[in-house]
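A quick write-up on the structure given underneath.
The values are calculated or read from the model by the stated rules, or taken from the named source; none is laboratory data. Not measured: the values here are computed from a predicted model. When we count neighbours, we look across all protein chains shown, and the Cβ atoms used for this are built from the backbone with ideal geometry, even at glycine.
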Amino acid sequence: MSARLLPGAPVADAVRAEAARAGLNLLDVLRVDDGRYWSYLCREPSCCPPEGVPLRPGHPAAAALEQAGLDYGAPGSDARLTLVPVTMAKGLEYDHVIVVEPAGIAGAEARCLQRLYVALTRAVSRLTVLYAEPLPAPLPHGQQGP
């Protein structure tokens, strides 16, 4: 489904126009419905396919949180812990960010390193990187924070 055909596209266009008039740069405008999301701004099919991008409750990070008995929510929820797919992280900020398997992010698609950069720059106070696979080349190996 093209972003222009998404329900609410005229509203998204109006919000975008008003934001531009106010000097605000919207990074994205999303529609979330039935376990999927669509971007009104992205035109890259490898990133934002016409059928939408599934929210991934079955992701290994979600499974680990569930197994540990930790409640989590989707972006925009009131949950204390939020599980955010890297494709939705742009423009968001969190006090503490945990990036799981950066190599998987870096190798997932054509815009791999840009997505990894976005994931690594969402933390305001603290960033934790969890990995079992070797880190992608741009990241230092074997360094540990305080």
(message) Quick test of your reading of the structure: Glu133 fulfils all but one of (1) at pLDDT below 80; (2) more than 27 Å from Cys42 (Cα to Cα). Name the failing condition by number.
(response) (1)
(request) Could you check, for region 75-84, whether at least one of its residues is modelled with pLDDT of 80 or more, among the basic types (Lys, Arg) and within 14 Å of the chain's Cα centre (by Cα)? (result) no
(request) Hey, could you check region 1-35 for residues that are of a type in the set (D, E, K, R) and in contact with a strand residue (DSSP E or B) (Cβ under 7 Å, 6 or more places away or on another chain) and say which is modelled with the highest pLDDT? (result) Arg31
(message) Could you tell me how many of the residues in region 122-137 are over 14 Å from Asp95 (Cβ atoms) and either surrounded by 12 or more Cβ atoms within 10 Å (Cβ to Cβ) or touching a residue at least 60 places away in the same chain (Cβ under 8 Å) (or both)?
(response) 4
(message) If I ask for residues that are closer than 19 Å to Ala64 by Cβ, hydrophobic (A, V, I, L, M, F, W, C) and assigned to a loop (DSSP other than H, G, I, E, B), which ones from region 80-107 would you list?
(response) Leu81, Leu83, Val84, Ala89
(message) It is to be established whether one or more residues within region 43-54 are in a loop (DSSP other than H, G, I, E, B), more than 29 Å from Tyr131 (Cα to Cα) and either at pLDDT below 75 or touching a helix residue (DSSP H, G or I) at 6+ places or on another chain (Cβ under 8 Å) (or both).
(response) yes
